[in-house]
Amino acid sequence: MPKGMIYKVPVNKSSFISVVHECGSSIIKLGACREIDCTERTIRRSLNEGKMTPSFLDQIARHLDVDSRLLSGELHKQANSYSDEFIRSIALAQLKPENYPYFRKRQSDLNAQPIEVLWEQILVLFDISFSQFEEMDFEARYLLQHDLLDALAPVIRKHFTADAFGRTDMPNLEKVISDLENYREDHYLNLYAETVLRQRYSEKPPQGKTKEDILSMSTDALSALDI
């Protein structure tokens, strides 16, 4: 980026104003809000330019409790990209502030981090280094993660009656453990494909396949041969 230029992200003016109004606010109110560092004039200038600094966009989104991707029009652009008219209309109909709280973007950003970062942050609270975790074999690491998540679930249920989306059943409490269990199952299926099936089929390739085909196959493709 050239020296002196300020990084900005695209913002669709009509989408921005529409979401602001749906949230019961206005450009004037946003400009007067102490939680937001930019003025009404800056907001209007940014909208006319079609670009806004990420920090201003995030402050406004946080104040309105709405996903910044909805506020900027990014999600509208994605929905409009669907060629199928029915799918496009369904996607656009879902783009409401109540369906996209500020938490949703924050969740997306955090989930984009490698899972190892989360486990390291948890372990360091108890003076356990991540290298200690890495020294454990796969099954021991799995059991540790499973036990921690399993212990956290009842604590979350005890102290919260609903999740950030207002769901009282809090489905992700079970899903996060289920995903971990599926990860373990996939690990052993891939291990079986790599250590057993690859050797078996390279020694005696099935009809239409060569040894070179077997050696270059993915573990998923090897598993499909075993069905």
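Computed values, structure above
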| item | result |
| --- | --- |
| Relative contact order %, region 56-118, counting alpha carbon pairs below 8 Å whose residues are six or more apart | 39 percent |
| Lys/Arg +1, Asp/Glu -1 at C-beta; the chain dipole; positive extreme among L191, P205, S26 | S26 |
| Under-5 Å amide H pairs with C23, H placed in peptide plane, nonlocal only | none |
| Charge dipole magnitude, Cβ of K and R +1, D and E -1 - the chain, Cα centre, debye nearest 20 | 1480 debye |
| Long-range amide H partners of K51 with built H, under 5 Å | V11 |
| Sequence-separation-based contact order of the chain, relative, with Cα cut under 8 Å and 6+ spacing, percent | 13 percent |
| Spatially near lysine pairs across the chain, Cα under 28 Å, sequence gap of 8 or more or different chains | 26 |
| Residue-count net charge about S15 - beta-carbon cut-off 9 Å; Lys, Arg +1, Asp, Glu -1 | +1 |
| Inverse of mean 1/r across different Cα pairs in the chain, Kirkwood, Å | 22.3 Å |
| Cα centroid separation, region 25-54 to region 83-150 (Å) | 32 Å |
| 13 Å beta-carbon shell around N99, net charge (K/R +1, D/E -1) | +1 |
| Spherically averaged projected area of region 114-225 from its Cα convex hull (nm²) | 9.9 nm² |
| Interchain or long-range residues, amide H under 5 Å from G73's placed H | N12 |
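Here, each number is a calculation from the coordinates, and none is a lab measurement. In this text, all values refer to a predicted model and were calculated from it rather than measured experimentally. Methodologically, a virtual Cβ is constructed for each residue, glycine included, from the backbone with ideal geometry; neighbour enumeration extends over all protein chains shown.
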